[in-house]
1. Relative contact order (percent) for region B:58-177, with alpha-carbon contacts under 8 angstrom and 6 or more residues of separation?
2. Hey, rough spin-label estimate for A:Ala109 and B:Gln366, points 7 angstrom out along Cα→Cβ, what's it come to in nanometres?
3. Once you place label points 7 Å from the Cα toward the Cβ at B:Leu14 and A:Val132, how far apart are they in nm?
4. Please turn the phi angles of region B:168-177 into ³J(HN,Hα) values with the Karplus equation 6.51 cos²θ - 1.76 cosθ + 1.60 (θ = phi - 60°), one per residue in order, whole Hz, x for glycine and proline.
5. Which whole number gives the average, over all residues in A:77-86, of C-beta atoms from other chains lying within 10 Å of the residue C-beta?
6. Among DSSP bridges having both ends in the protein assembly as shown, what percentage is antiparallel? Round to the nearest 5.
7. If the chain between B:Leu310 and B:Glu247 were fully stretched, how many nm would it gain, using 0.36 nm times the residue separation less the Cα-Cα distance?
8. Would you list, by chain and number, the aspartates and glutamates whose Cα falls below 17 Å from the Cα of A:Lys201, excluding same-chain residues fewer than 8 positions away?
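Read-outs: derived from the displayed coordinates by stated rules, not from any lab. Just so it is clear, the model here is predicted, and its values are computed rather than measured. Positions of Cβ are generated from backbone atoms using ideal geometry, with glycine treated the same way; all protein chains shown enter the neighbour counts.
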Amino acid sequence: MGVTVLYVEDDREIGNAVSADLREREYAVRWLESGEGALEAAEGCQLVILDVMLPGLDGFTVGQRLKRVYPELPILMLSARTSIDDKLQGLEFADDYLTKPFHPDELAARIEVLLRRSGTAAPAPLILKHLVVSPGSSVVTEAASGREIMLTGKQFQIFSYLLRHLGQILTKEQIYEAVWGESYIEGDKTLMVHIRYLREKLELDPAAPEIIETVRGIGYRVRG
Amino acid sequence: MKRAGRFQFLRRSLLFRYLLIIIAALLFIPVVVPLTIVLYSTFGGFTREDPPEEYALYSSVDKLEIIWHEEARKLLGQPPEGITERLRALSETYHLARIFWVDNEGRTQLITVPSGPPLLEGGHAAREVPSYWTAADTVSFMKDSAALKPLAIVAFVGDQAAAGEGFMVMQIPEVITNVKYAQGLNTWYMVVMMIFFIVFIGSSWFFFIMIRRRLLRLQTAMVFTGREGLPKAVIPGKPDEIGRLEEAFNTMVTELAASRSRETEEEGLRKRLVADLSHDLRTPLTVIRSHLHVLGKEDLSARGQESLELMDQRIESLGGLIDNLLAYNLLNSGRMTLKLEQKDVLRLLRESAAAWYPLWEKEGYQIEIDLEAAPLYWDVDVSWFRRVLDNLFQNILRHARSGLYVGIFTEIRGGNRVLVILDHGGGLDGSTDSKGAGLGLSIVDLLLKRMELEWSMESTGQGTGITIWKRLPDRII
């Protein structure tokens, strides 16, 4: 079953172009020119793309209402409003914020990420070099042998966090604070120790890691 | 009415109240002392025991003196027997006093014995009257009489020394003349005086304590500010000078709040205008870009595809330019409020570099990042500091392609930790690469100045180096 996207955009030219592009990418699109009826139209959709400046109710209000009714439904704000205040306001409830003029490929990539994160994307296993990560990244197996790799709680949380931000470089502070839920204190080696053990389990050669890459001076990254 | 109004004004004046205290202090002795005596007399009138009636004859020494001198005058030219007779007669009337007279030759002619209290001299019996007076006796008697030991009324017989008929004396016991109508006068007087003193000191103290308390309350209200950074209004007290100061302070706070509100409103309007402008400019760009995307799917020549890609890149830059232009406008208006807080700028630098890293990587840049572990805390507005870094990193991506190098370091310069961002591009001075970089750098300049950070840029044909540091506080020489 294909993915249905609710798209709310008042500008017809942009709406036509984006709808056409999404349909080409095999998404079913429900396009509304205002926020009116968005709640009803969102029924059965897997993702919402929402403009901010709409006639009548603005995108922020529509988005907040949608999130209240469908808390699991990912929302991508697509707006010409680029100020940090607008972005922050949008990201209070939305899952992503893309500013105009955007490249259609970037929009498509962000939709993919959101669907993957929400578990709506096709449940294809993620292949990372010699590893296969099952949907939801709960099970990690070695592709060649099919052997399941057992991770401890913290190792699993770190790896999951890196997988959720696939391709992004994450700083030590960001990983530590997301996994441990407390402020990172400079000089704390806990994260490095966990990464080392994680590499020993995941990497073919922990001395030359290919899965969890160290980005010198910044942090770590798992490439998609 | 007018007089009542004036009085009301005086009552509302601290100066007036202070003057009242000063006047009370000045009038203390001439008013309070008699007042206490009157009070005592009233009090004594109820409590004292009446003296014996026979003492009344001696109540006025002045009257006694007049009578005594009158009697002396009448005795002028009388023979000694006559004088003695008269004085004896007087002694029956004034039997509580000792009466004696001395003739011209110093012989004491008559001494009566008082029938009442004894004559005392400093607690002891008064000296005996000598039967024959020497000069020394006379002087000694005069000295005792002058010291009221005991009280003696002396008159020359005939009321003149020249008569040469001697002198006559009436000595009155001290107990009679010094009847203590006021038993305990000293104690009560002291108590009343002390009460007046305490009331005076207490009222002065209270007056200044109240002023001090109100001034301190006002000071506290001025120092402590609420969430909006404005002091809170105070509850006005009495309508005196401090009360008027409190009212003036409240007016100032109200005006300040109104001004702040106007400022916020203006900032909001400006932001909205900028947002609308941004929207109106970006919407057609989005449309053009989506059409370019559609065109890109058509069967185009290599040159056509190249043109499309170029146009797409230009639209992307135009988006950035619009952002910068509008941000510059906002910043330059001075209406933007920066929320400065102490943050580890190295962490912000790492996070920002992490976002740009894949883009530099994609373009084939050599990336060197060496940010020492120890945090570097500066007072920055997080989102605007990220904007500064984004503008600088954007410039590297757009204008330093020829060098394909980006370096991000911290260094110690002049005892100060600085951030250094390097590229090996063709430089920003006059190179064709540099078009569009100026606005981004102007925003960097404005923002860093607002965050009280210093920066410098060295740009040559071999590359550009940006250094950012925190201004050290001026040393006190």
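1. 34 percent
2. Distance between label points: 2.6 nm.
3. 8.7 nm
4. Once θ is set to phi - 60°, the couplings for region B:168-177 become 10, 10, 10, 9, 10, x, 4, 4, 6, 6 Hz.
5. 6
6. Counting only bridges with both partners in the protein assembly as shown, antiparallel ones make up about 70 percent.
7. Result for the pair: 16.0 nm of gain on full extension.
8. Within the straight-line limit of under 17 Å, A:Lys201 reaches these aspartates and glutamates: A:Glu142, A:Glu148, A:Glu210, A:Glu213.
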